[in-house]
1. Is the shape of segment 154-229 rounded, prolate or oblate, going by the alpha carbon gyration tensor and its root eigenvalues a ≥ b ≥ c, with a/c under 1.5 for rounded and a/b larger than b/c for prolate?
2. From the Cα trace of segment 114-244, what convex hull volume per residue do you get, rounded to a whole Å³?
3. So for the pair A212, R77, with labels modelled 7 Å out along Cα→Cβ, what separation do we get in nm?
4. Looking at (i) 18.5; (ii) 14.0; (iii) 12.6, which value of mean projected area of the Cα convex hull in nm² comes from a calculation on the structure shown?
5. Please report, ordered by residue number, every helix of the chain (full DSSP H runs) that is 15 Å or longer along its axis going by C-alpha atoms and whose mean Kyte-Doolittle hydropathy reaches 0.5.
6. Mean residue ellipticity at 222 nm from the helices of the chain, using -39,500 (n - 2.57) per DSSP H segment of n ≥ 4 over the full residue count, to the nearest 500 deg cm²/dmol?
7. Please give the contour-minus-distance gain from A107 to V121: 0.36 nm per residue of separation, less the Cα-Cα distance, rounded to one decimal in nm.
8. Using a 10 Å cut-off on Cβ atoms, rank the peptides 210-220, 183-193 from the highest mean neighbour count down.
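Where a number appears in this text, it was derived from the coordinates with a stated rule and is not lab data. Bear in mind the structure is a predicted one, so any value in this text is a computation, not a measurement. Every residue, glycine as well, gets a Cβ built from its backbone with ideal geometry; the counts of neighbours run over all protein chains shown.
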Amino acid sequence: MTPGTTIAVSRRVLTQLRRDPRTVALMLLVPCLLLALLRWVFGEAGDGATFQRLGPSLIAIMPFIVMFVVTSVTMLRERTAGTLERLLAMPTGRGDILVGYALAFLAVCVVQAGLVIALAVGLLGLEVSGPLWALVAVALTDAFLGTALGLAVSAFARTEFQAVQFMPALILPQLLLCGLFVPREAMPRAAEILSDLLPMSYAVDAMTGVQAGTGGAVADGTWADLGVVAALAVVVLMLGTLTLRRRTD
């Protein structure tokens, strides 16, 4: 893997995204719209306490899910179109391709995280005791994990429909066990142990730790949870280089 080649791959991906406004809208606007809808629904139903409780978790979950879907479908499209085959025929390594794609989508994640947090804190009234930069860091790391996971699982799908089918298999169980609906400590012991093995649990805990911070600092354990998310993203991305194929047969 060489830096020049990796950056060239990233530029190519960003150029393609610029020509695909629907995908850009999906990545940037859908999380904001869903968060605004949540605030509207719970704002009409009560005093907003539910939004204050669920808001941080959704800021962690929605970018994760959106980036997983977009990157898995995009990578599969590149493979079926023969783009990956052409790239690998040149002096481009598998690491250059996956890291290049990850960096390109990471740039989009920066904008996505900024928009979601600006909307949640600035317009929707989400109360955060910790520093806002920590909120951005956690959202960005969560989105990067979704990107890495999407790039990795795209190797196991043959069609875009199959790529989307990985969502209920990999995302929905994490959604149920991450503590969004029921606190993890209140789950059956077996479910709690299983949730400890899932990355979304740490993503939600890190975001909640930022909200619960005091004196401009995050709560204890927040950085450890964020470190687990970042480490898992790197491991998944490395595993993706081992499963990257030239094209879908």
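1. Numbers: a/c = 2.87, a/b = 1.76, b/c = 1.63.
Since a/c reaches 1.5 and a/b is larger than b/c, the shape of segment 154-229 is classed as prolate.
2. On the way: hull volume 16.6 nm³, N = 131.
Given the Cα convex hull of segment 114-244, per-residue volume reads 127 Å³.
3. 4.0 nm
4. Derived directly from the coordinates: (ii).
5. Working: long enough: 3-18 (22 Å, 0.02); 30-45 (22 Å, 1.59); 49-80 (47 Å, 0.97); 94-117 (34 Å, 1.82); 132-153 (32 Å, 1.93); 160-170 (16 Å, 0.64); 199-211 (19 Å, 0.31); 222-243 (32 Å, 1.90).
Answer set is 30-45, 49-80, 94-117, 132-153, 160-170, 222-243.
6. Numbers: 12 runs with 184 residues, N = 249.
Only helices count here, giving -24500 deg cm²/dmol.
7. Numbers: separation 14, 0.36 × 14 = 5.04 nm, distance 2.16 nm.
Working it through step by step, the gained length comes to 2.9 nm.
8. Numbers: 210-220: 15.9, 183-193: 11.5.
Result, highest mean first: 210-220, 183-193.
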